[in-house]
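First up is the structure itself, then whatever we jot down about it.
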Amino acid sequence: MEDWKRKIGETALLKGIINDPDWLEKLDDSMPVWAVLQLMLELLEKLEPQYTSYD
């Protein structure tokens with residue numbers, strides 16, 4: 001496996017995006033659409049403000 005892929009996987013593990021070190025050996029595997037969508041939804045949740053206006 002290429003070093004750049006391993007670095008991405010290691011960073012994802014450190015950031016909590018993946019939680020199982022065994023995934024570092026599966027970085028070339030395909031990812032189901034539902035898993036990609038779940039990651040995008042989690043990202044949106046973090047980026048969107050979670051407050052309501054008092055106005």
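Taking the stretch 14-33 as the search range and keeping residues that are assigned to a helix (DSSP H, G or I) and either of a type in the set (D, E, K, R) or open to solvent by 90 Å² or more (accessible area, probe 1.4 Å) (or both), which one is farthest from LYS46 (Cα to Cα)?
Out of the qualifying residues, it is GLU25.
Give the number of residues within the stretch 34-52 that are of a type in the set (S, T, N, Q) and loosely packed, with under 10 Cβ neighbours inside 10 Å.
Going through the stretch 34-52 one residue at a time, the tally reaches 2.
Out of all the residues in the stretch 18-50, which are under 20 Å from GLU2 (Cα atoms) and not aromatic (Phe, Trp, Tyr)? Give the steps one after another, and end with the answer.
Within the stretch 18-50, the first condition is being under 20 Å from GLU2 (Cα atoms), and the residues that meet it are 18, 20-31.
Matches in the stretch 18-50: ILE18, ASP20, PRO21, ASP22, LEU24, GLU25, LYS26, LEU27, ASP28, ASP29, SER30, MET31.
Report, ordered by the first and then the second residue, all pairs with beta carbons closer than 9 Å, sequence separation of six or more or different chains, a first member in the stretch 33-44 that is touching a residue at least 12 places away in the same chain (Cβ under 8 Å), and a second member that is open to solvent by 100 Å² or more (accessible area, probe 1.4 Å) and not in a helix (DSSP H, G or I).
Listed pairs, sorted by first residue: LEU39/ILE17; LEU39/MET31.
When THR11 is evaluated against the numbered criteria (1) of a type in the set (Val, Ile, Thr); (2) modelled with pLDDT under 95; (3) open to solvent by less than 90 Å² (accessible area, probe 1.4 Å), which criterion, by number, is the only one it fails?
Failing condition for THR11: (2).
The values are calculated or read from the model by the stated rules, or taken from the named source; none is laboratory data. Just so we're clear, the structure is a prediction, and the values are computed from it rather than from any experiment. Ideal geometry is used to build each Cβ from the backbone, glycine not excepted, and the neighbour counts take in all protein chains shown. These accessible areas exclude ligands, DNA and RNA; they are computed on the full protein's heavy atoms, side chains included. Shrake-Rupley method; radii C 1.70, N 1.55, O 1.52, S 1.80 Å.
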